[in-house]
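Here the structure is laid out as structure tokens; the discussion comes afterwards.
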Amino acid sequence: MIDAKVDTLLAVAEKKSFTKAAAELSLTQPAVSHQIIQLEKEIGAKIFLRGKNELQLTAEGKIILKYARRMKAIYENLREEVAESKKHLTRLRVGITHTSESNEVAEALARYSNENPGIAITIITDTTKNLYDMLDSYEIDLSIVDERPSNQEFHSLMLDTDYLVCVMSCDNPLAKKSMVTLNDLRREKLILRLPKSETRNLFKSHLQSINESLENFNVILEVDNIATIKDCIRKDLGISILAKSACMDELRKGKIAVRPIENLSMARETNIVYHKDFAYTDILQGILKIYQNSISRNR
């Protein structure tokens, strides 16, 4: 059902080269060029421009690529759903952030799948921006992120409220205090998420709101993986700023300590985001119920 020119466009956009795309597709380079020219004629817009070392998308090309990815994803979803309907199975593709991966969200999804044998869930972990892109192109069905969507094509359901805290080893002197001050933080070695992470950006923006800068703090290590950060904290190699929900398991086991930071109330929402034409609203309610039961037991 998908025109071969769509696959060719996706390959050229990925490889940024007609020659490399041709090798990927087992076609000749002239055949790839011809298909792109045909596609440009059909749509009435130039898709690629030749840069110094690679092809570049035009403004119109970026729009065309967006819809090509959406078409491909929808077609793959169609094939998958038809195949799985024969097995009386519904597959749900859920995108979550790295923070959500470390809290009760993944557990709630696993529990929902366990309690509903006809549901299979695939979890994809990425940044909020990338998850929104995947949701927009129908590569995933739901996205669980720490903000509300601005895209009017999306609806959202609030799953939880959360806030950032200072996380330290139980042996760290800060663990004996009821709260942490900014002066305390300046004297510590910080292990933070990467600059692209929502957690770090929320911390940074709240510092800026009180005329502070992250540059005034001693950041010794930047790590994308939250589990690695918590492992370093347990070994008292530094402290961090993380979502409290991502630390609940270690807190219950007494492996780490968390404290609020004076003058920084870093609250945020966790939302399930989905297309407004998403058909399985009963699944959303089921996930929400299991998640709420889980946090009421664990917190």
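The values are calculated or read from the model by the stated rules, or taken from the named source; none is laboratory data. Owing to the predicted nature of the structure, the values given are computational and were not obtained by experimental measurement. Glycine also receives a Cβ, built like all others from the backbone with ideal geometry; neighbour counts cover every protein chain displayed.
Quick notes
- Top-ranked residue of the range 252-279 - restricted to ones that are under 29 Å from L142 (Cα atoms) and without any contact (Cβ under 8 Å) to a residue 60 or more places away in the chain, ranked as surrounded by the most Cβ atoms within 10 Å (Cβ to Cβ): A279
- Number of the exception - A227 against (1) in a helix (DSSP H, G or I); (2) loosely packed, with under 15 Cβ neighbours inside 10 Å; (3) modelled with pLDDT of 95 or more: (3)
- Output for the range 166-193, where each listed residue is out of contact with any Gly (no Cβ under 8 Å at 6 or more places or on another chain), of a type outside the set (A, V, I, L, M, F, W, C) and in a strand (DSSP E or B): S169
- Only a single item in (1) at pLDDT 95 or above; (2) within 20 Å of the chain's Cα centre (by Cα) is not met by R200, and it is number (1).
- In the range 253-299, of all residues being touching a helix residue (DSSP H, G or I) at 6+ places or on another chain (Cβ under 7 Å) and in a helix (DSSP H, G or I), the one that is farthest from S178 (Cα to Cα) corresponds to G286.
- Of the listed requirements (1) out of contact with any strand residue (DSSP E or B) (no Cβ under 7 Å at 6 or more places or on another chain); (2) outside any loop (DSSP other than H, G, I, E, B), P117 misses just one: (2).
- Criterion (among the charged types (D, E, K, R), within 30 Å of K196 (Cβ to Cβ), outside any strand (DSSP E or B) and free of Cβ contacts under 8 Å to residues at least 60 places away in the same chain) met by exactly one of E81, E76: E76
- Selection of first residues in the range 204-215 that are touching a residue at least 60 places away in the same chain (Cβ under 8 Å) and of second residues that are among the polar types (S, T, N, Q), restricted to Cβ pairs under 9 Å at least 6 apart or on distinct chains, gives the following pairs, ordered by first then second residue: H206/N263; H206/S265.
- Residue in the range 135-149 that is closer than 25 Å to E212 by Cα, in a loop (DSSP other than H, G, I, E, B), under 16 Å from the mean Cα position of the chain (by Cα) and assigned by TED's automatic domain parsing to the domain that holds N103 present: yes
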